[in-house]
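To start, the structure itself, in C-alpha cells.
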C-alpha cells in the first residue's frame, strides 16, 4: 500500500509508527511540524489527509488529541442520521428527505450520534472545510477546547471551539479572519460535540 504514497508521506507514516513505540499519546499536527522540520501546518494537513484516504491514519476529529495510526479491524461501518446542514449564524437547515450515512465506527462517540454537513469556512484551520460532514455526539456539555454545535438564543446554530468561564461562553472560530464570539452563559446551549469528520473527494 505504501507504493502509492509520496516520499514525504512515507516519512510521516514512519515517524508516526516510531512515535507510537516511544510515547503514550499520538503527536499533534503542531508537534509533527516541529519534529519533521516542516514550516507549513497546512501542507502537513494535506499529507495527513492523503494517509487517511490510503487507510493508514484515523480521520482527524475535534475530539482526539493527535494524529493516530489506524488499527486493524477499524473498517466496520454503522448508519447514522444526516440531520441537515450547519452554517455559522443560521438555524440548522433540515433536509427535505432525511437520510442515513455510513460512518466508520471509530468516528462516533459513546452516546447518541448524528451527522451534519458543514457550510462555510469558519473552522478551516481545524481541518473542517466547506462541504465536510461532521459526526456529532448529542450532549449538553463539553470540555473547553472541544468543537461543539452551539445554539445561540434558541435560534442560531454554529460550529465552533468552545471556551467556558463563569461570566462568558466564548465560541472560537478556526479561521484567522474571524473573531471569537462572546456570550453570556445563559445564551448558549450546547447541542453536541464533534467526534469525527468525513470528506468526499
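Kindly evaluate residue 13 against the criterion of being in contact with a strand residue (DSSP E or B) (Cβ under 9 Å, 6 or more places away or on another chain), touching a residue at least 40 places away in the same chain (Cβ under 8 Å), in a helix (DSSP H, G or I) and over 23 Å from residue 147 (Cβ atoms). Before you say what the answer is, go through the steps one by one.
Details: in contact with a strand residue (DSSP E or B) (Cβ under 9 Å, 6 or more places away or on another chain): yes; touching a residue at least 40 places away in the same chain (Cβ under 8 Å): yes; in a helix (DSSP H, G or I): yes; over 23 Å from residue 147 (Cβ atoms): yes.
Criteria met by residue 13.
Could you list all residues from region 53-66 that are under 23 Å from residue 145 (Cα atoms) and either modelled with pLDDT of 85 or more or not in a loop (DSSP other than H, G, I, E, B) (or both)?
57
Can you find even one residue in region 119-128 that is free of Cβ contacts under 8 Å to residues at least 40 places away in the same chain, within 17 Å of the chain's Cα centre (by Cα) and surrounded by 15 or more Cβ atoms within 10 Å (Cβ to Cβ)? It would help to see each step written out before you state the result.
Just the residues of region 119-128 that are free of Cβ contacts under 8 Å to residues at least 40 places away in the same chain, to begin with: 119-120.
Now restrict to residues that are within 17 Å of the chain's Cα centre (by Cα): 119-120.
Next cut, surrounded by 15 or more Cβ atoms within 10 Å (Cβ to Cβ) only: 119-120.
Yes: one or more hits.
Please determine, by comparing only the residues of region 91-108 that are in a strand (DSSP E or B) and modelled with pLDDT under 80, which one is surrounded by the most Cβ atoms within 10 Å (Cβ to Cβ). Let's see the steps before the verdict.
Taking region 91-108 as the starting set, the residues that turn out to be in a strand (DSSP E or B) are 93-104.
The next check asks that each one be modelled with pLDDT under 80; those that pass are 93-98.
On the way: 93: 15, 94: 9, 95: 13, 96: 6, 97: 5, 98: 10.
It comes out as 93.
Test residue 185 against the criterion of being more than 21 Å from residue 82 (Cα to Cα) and buried (at least 16 other Cβ atoms within 10 Å of the Cβ), and give yes or no. Please lay out each step first, then the result.
Working: more than 21 Å from residue 82 (Cα to Cα): yes; buried (at least 16 other Cβ atoms within 10 Å of the Cβ): no.
No.
The values are calculated or read from the model by the stated rules, or taken from the named source; none is laboratory data. If you're wondering where the values come from, they're calculated on a predicted model, not measured in any experiment. Glycine gets a Cβ as well: all are built from the backbone with ideal geometry, and neighbour counts include every protein chain shown.
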